[in-house]
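Just below is one structure, and these are the notes that go with it.
The values are calculated or read from the model by the stated rules, or taken from the named source; none is laboratory data. Everything numeric in this text was worked out from a predicted model, so none of it was measured. Here the Cβ positions follow ideal geometry from the backbone for every residue, glycine too, while neighbour counts run over all protein chains shown. All accessible areas refer to the heavy atoms of the entire protein, side chains included, with ligands and DNA or RNA removed. Shrake-Rupley method; radii C 1.70, N 1.55, O 1.52, S 1.80 Å.
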Amino acid sequence: QAQLVESGGGLVQAGGSLRLSCAASGRTFSNYAMGWFRQAPGKEREFVAAISRSGGTTYYTDSVKGRFTVARDNAKNTMFLQMNSLKPEDTAVYHCAAGLVGGTGSERYHVWGQGTQVTVSS
């Protein structure tokens, strides 16, 4: 089974940018659809973005459309989340996930990373 490790989180001022990475090991990365989810303190985990196995199809939650971009490099077994124009409400632990089906629902993913903290100050 694949293992996922996120990196790239940190503290940034509102309006700034961060680029998250999700490195996969184990089974063939290109067999999996991938997603990003986030969880803020006291809130439920929510969908952020997803990308199909080939990278040809992407999905975003409305609150990040136009600001975040999800991409993947199957040759390097890595997925990325470029986050621009960050807002304080983007503060959360960001998790990457892998699944055979993919999409916007967390139940579609069966492998999860430990998460990376993103904090946006106002």
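Rounded to the nearest whole Å², what accessible area per residue is found for the chain with the 1.4 Å probe?
Ligands and nucleic acids excluded, the result is 51 Å² per residue.
Take the Cα of K87, step 7 Å along the line toward its Cβ, and report every residue of the range 47-66 whose backbone nitrogen sits under 15 Å from that point.
The answer is 48, 61-66.
Only four residue types carry charge here, +1 at the Cβ of Lys and Arg and -1 at the Cβ of Asp and Glu. Report the dipole size of the chain about the Cα centre in Debye, rounded to the nearest 20.
Taking the Cα centre of the chain as origin, the dipole is about 220 debye.
Taking the Cα centroid of the range 90-121 and of the range 28-71, what is the distance between the two, rounded to the nearest whole Å?
Between the Cα centres of the range 90-121 and the range 28-71 lies a distance of 7 Å.
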